[in-house]
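Structure record follows, encoded as structure tokens.
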Amino acid sequence: MEANQFKDFAKEMIDYVANYLENIRDRRVLPTIEPGYLRPLLPEKAPNTPDKWEDVLADVEKVIMPGVTHWHSPRFHAYFPTANSYPAIVADILSGAIACIGFSWIASPACTELEVVMLDWLGKMLDLPSEFLACSGGKGGGVIQGTASEATLVALLGAKARTVATIKAEHPEWTDMHIIEKLVGYTSSQSHSSVERAGLLGGVKMRFLPVDDKDRLRGTALREAIEKDIEAGLIPFYAVGTLGTTSSCAFDNLEELGDVCNKHNVWLHVDAAYAGSAFICPEFRYLMKGIEKADSFNFNPHKWLLINFDCSAMWLKNPYWVVNAFNVDPLYLKHEQQGSAPDYRHWQIPLGRRFRSLKLWFVLRLYGVEKLQAYIRKHVHLAHYFESLVKEDDRFEITAEVIVGLVCFRLKGSNELNETLLKRINGRGVIHLVPSKIKDQYFLRMAVCSQYTEKEDIDLTWREIRDATDEVIDESTK
Ligand code: PLP
């Protein structure tokens, strides 16, 4: 493609994108197609000669859009949000043009250096303890991972390296294998499935501990589990606390977990994938009280901070253990300035990495902290508004405290009734919700997800739920 064609194509695409997003409310949030819908719409083979870009663009609406779930529709309330914004989209265009693979400082110095500074900016926005920040001049620093799942695994591998080194110093005769089979990690029964997966990938035992009546992991549960394992000759080495659990957005008690972990030399990783963005607002920082006791902290600006996937921010107080855990250093990746700036390839699982800090830079500059805070506060306000609507209808109950942008609720009655209700709601196709279950109680989750969500959208969502409820109750009493 020539530059002139690229300019025409890209301009048309930008118009298409802006129209798509500005009118997304008018699209059905969930597609109606069946599995396999797409293959018949495409030729059997790639074209031998170039297609016209105009034809490709026209096919987006015909082939792709019928199979898109519109995550940025104000009527999409499933899972947790995924973010996007115009500045982040533009930054991704630039990243695509520079298209460097920033695995080491010399592989593209701006890629590494902007990331170091952006993670400091972001850390300061959250008021993270200075030990986590590169600008403090200590050991700490931040890195952009692709996902929270990767951050949890990377922290686990760092913790494993740290504990193996410590135990070997005490018992030089023990082999790595002998130590590793004794390692135990801890998290709550409510933590994200990626924590269990990190244990499997890392080849260590994980324990899933009971939560209190507000779905929070408390210090006592962790302490009892650790003491029991030590008594059995095992070696506690890693714990994951969640700030904003996926099912009900509960916040583990970090102060208590931190004390237990510090006492037993257990690495505490904090997974704040969704809710971490709220900490840019001072009024939500009480939820991260105790963060100074953690070894690593992670949240996803790509969930709730207007930055397109993928951008998962992770800070480590002492990256040495992570860097050490993955350090292989072939000659072709060495460079003369090694050691003077992070070589981020050592901080992550893959070698290659994109220029993701551009998205942070563009968004933080073009919104500014105050507008981002206003954005978070608006979502929380809309969640409380929805909560008030649910509370006015005594057929329903709220099942978890609404703290940020998620409302968990259910029809009073059986799980089956609620399952039927959810099927009806999603079947109507106007809004989209997903369920969860805690301690055998099935409930519905309404997350405020879209940057376009207004009070009228929440009214419509509630009307949809009430209409579906009327239908389901009508049918069940016939
Ligand atoms: N942790 C929590 C608490 C989550 O809610 C999620 C996803 O919603 C994840 C981890 C996984 O996030 P990612 O897709 O970035 O790995």
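The values are calculated or read from the model by the stated rules, or taken from the named source; none is laboratory data. The structure presented is a predicted model; accordingly, all values stated were derived computationally and were not measured. Note: ideal-geometry Cβ built from the backbone for every residue, glycine included; neighbour counts use all protein chains shown.
Remarks
- Close contacts from segment 210-229, counting a first residue that is closer than 21 Å to LYS439 by Cα and a second that is among the acidic types (Asp, Glu) and assigned to a helix (DSSP H, G or I), with Cβ to Cβ under 6 Å and a gap of 6+ residues or different chains, come to ARG218/GLU256; GLY219/GLU256.
- Boolean, ASP59 is modelled with pLDDT of 95 or more, in a helix (DSSP H, G or I), surrounded by fewer than 18 Cβ atoms within 10 Å (Cβ to Cβ) and not hydrophobic (A, V, I, L, M, F, W, C): yes
- Considering the conditions (1) out of contact with any Phe, Trp or Tyr (no Cβ under 6 Å at 6 or more places or on another chain); (2) part of a loop (DSSP other than H, G, I, E, B), PRO81 is excluded by exactly one of them, (1).
- Qualifying residue in segment 43-53 (condition: exposed (fewer than 12 other Cβ atoms within 10 Å of the Cβ) and closer than 29 Å to ALA447 by Cα): no
- Remark: pairs (first residue in segment 312-333, in contact (Cβ under 8 Å) with a residue 60 or more places away in the chain; second residue charged (D, E, K, R) and away from the ligand (no atom under 16 Å from the Cβ); Cβ separation under 6 Å; 6+ apart in sequence or on different chains) = LYS317/GLU131; LYS317/ASP295; ASN318/LYS139; TRP321/ARG162.
- Evaluation of HIS432 against (1) in contact with a Lys or Arg (Cβ under 8 Å, 6 or more places away or on another chain); (2) buried (at least 21 other Cβ atoms within 10 Å of the Cβ); (3) under 11 Å from CYS408 (Cα atoms) (one fails), failing number: (3)
- Residue match in segment 440-453 (condition: more than 30 Å from LEU126 (Cα to Cα) and acidic (Asp, Glu)): yes
- Those residues of segment 123-160 which are assigned to a helix (DSSP H, G or I) and within 16 Å of the ligand (Cβ to nearest atom), in sequence order: ALA148, SER149, GLU150, ALA151, THR152, LEU153, VAL154, ALA155, LEU156, LEU157
- Residue within segment 406-423 that is closer than 26 Å to PRO301 by Cβ, outside any helix (DSSP H, G or I), in contact with a helix residue (DSSP H, G or I) (Cβ under 8 Å, 6 or more places away or on another chain) and hydrophobic (A, V, I, L, M, F, W, C) present: yes
- Selection count where residues are in contact with a Leu (Cβ under 7 Å, 6 or more places away or on another chain), within 12 Å of the ligand (Cβ to nearest atom) and not aliphatic (A, V, I, L, M), scope segment 278-322: 2
- For VAL195, the criteria (1) aliphatic (A, V, I, L, M); (2) away from the ligand (no atom under 16 Å from the Cβ); (3) at pLDDT 95 or above; (4) farther than 14 Å from TRP315 by Cα hold in every case but one, which is (2).
- Considering (1) away from the ligand (no atom under 16 Å from the Cβ); (2) surrounded by 18 or more Cβ atoms within 10 Å (Cβ to Cβ); (3) farther than 20 Å from VAL154 by Cβ, the lone condition that ARG216 does not fulfil carries the number (1).
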